[in-house]
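A short write-up of the structure that comes next.
The values are calculated or read from the model by the stated rules, or taken from the named source; none is laboratory data. Keep in mind it's a predicted model, so treat the numbers as computed, not measured. Here the Cβ positions follow ideal geometry from the backbone for every residue, glycine too, while neighbour counts run over all protein chains shown. These area figures cover heavy atoms from the full protein model, side chains too; ligands, DNA and RNA do not enter into them. Shrake-Rupley method; radii C 1.70, N 1.55, O 1.52, S 1.80 Å.
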Amino acid sequence: MKRAHKIRLYPNNVQRRALLRHCGCARLAYNVCLAKWNEDYTKNIKHNYYSVKKWFNSIKREQYPFVYDVSKWATEAAIADLASAFKKLYSKQNAHPTFHKKGIRDSFRIDGSVIKICGNTLYLPKGLCLRMAEPLRYEPEKIYNVTVSKTADRWFVSIQCEVPESKNQVEGAIGIDLGISKHATLSDGKVFENIKLEHKYCRKLARAQRNLHRKQKGSNNRRKVQKRLSTIYWRMANKRNDNIHKFTSAVTTIYATICLEDLNVAGMLKNHKLAKAVSDVAFGETRRQFEYKAKKVRIVGRYEPTTKPCCECGKIHEMPLNKRRMVCDCGNDKDRDHNAAINILQLAQ
């Protein structure tokens, strides 16, 4: 099975400039080919990956000779990403591709056939020998590719490789009700609390954002504050991912089948009073991790009743948000989220 290991890199100044050149050339290839693709489309000339790569290879020696200072895999992977973006556009999965901007998600990808990993050292083409924070957690059978990215002035490498499939012997099913006040409530009664990072970091973020807007555009002080602000967001993302990984791993090591509700997250985000809290919980990331960690994931339709029915007798109750317990005439007295998790499990089965 495929797994991606994301590890921090510690490049020196010379290596850092080389990595920036790789990111810049990958961004250049993407933007130049996108401009050519758009221009030729108005002339009824249709491109694919091979045609636009052939055109870029024919002009790069004269117009962009500095591209030869970096690995050819960086530009080819960027062109492949552009072709994939247009393929999704034609199948109506994504919007039209847009131009990449410098300093926003800087990254490049190298094919796994030309890289080498020895302990804590990563060897890339063009003589790049990078020190990693830790070795790979599994011995890979095959390395597909590596993606080097920059986040909050820190460098990371994501190594996609094939590892032996783990033999998970867990059984049983569990229903999970995801929420805001509590991150998740399981049908067996266990509760995972919400760490509420947006609430904890709101003052620090507001202070950094005000400081950023006071600085003159293009100044060194503004760049320093931008790094400070991106570091805050990076730490929040790390804590959020760590919390979700611990939650999903704790559940999937006990239960084989995960039952979730198909939440209308886009509709929730239209409520401006709850938008920050909804985005902070990251429902989509939680579901994504369950889909690759669990043996089976069953999704209950978003229009199925899960909150109002009593899980014991099925009687419908009015359950406004301020009513936190399900109290029914049949004797059922449970927390509303626990009741909803049991309903999710019953509907999924």
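Summary of values
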quantity: Subset tally (residues that are of a type in the set (A, V, I, L, M), open to solvent by less than 20 Å² (accessible area, probe 1.4 Å) and not in a loop (DSSP other than H, G, I, E, B)) for the range 144-190; calculated: 8
quantity: Those helices (runs of 4 or more DSSP H) lying entirely in the range 272-349 with at least 3 residues open to solvent by less than 90 Å² (accessible area, probe 1.4 Å), small (Gly, Ala, Ser) and within 11 Å of Leu260 (Cα to Cα); calculated: 336-348
quantity: From Lys276, Lys296, residue being more than 26 Å from Arg3 (Cα to Cα) and modelled with pLDDT of 85 or more; calculated: Lys276
quantity: Residues of the range 138-187 that turn out to be within 30 Å of Asp262 (Cα to Cα) and either more than 21 Å from the chain's Cα centre (by Cα) or among the basic types (Lys, Arg) (or both), as a count; calculated: 18
quantity: Output for the range 75-112, where each listed residue is more than 20 Å from the chain's Cα centre (by Cα), open to solvent by 80 Å² or more (accessible area, probe 1.4 Å) and free of Cβ contacts under 8 Å to residues at least 24 places away in the same chain; calculated: Lys87, Tyr90, Lys92, His96
quantity: Among (1) surrounded by fewer than 11 Cβ atoms within 10 Å (Cβ to Cβ); (2) within 22 Å of Asn145 (Cβ to Cβ); (3) not aromatic (Phe, Trp, Tyr), the one test that Glu39 misses; calculated: (2)
quantity: Given (1) assigned to a loop (DSSP other than H, G, I, E, B); (2) touching a helix residue (DSSP H, G or I) at 6+ places or on another chain (Cβ under 8 Å); (3) over 29 Å from Lys227 (Cβ atoms); (4) not polar (S, T, N, Q), index of the condition Arg137 fails; calculated: (2)
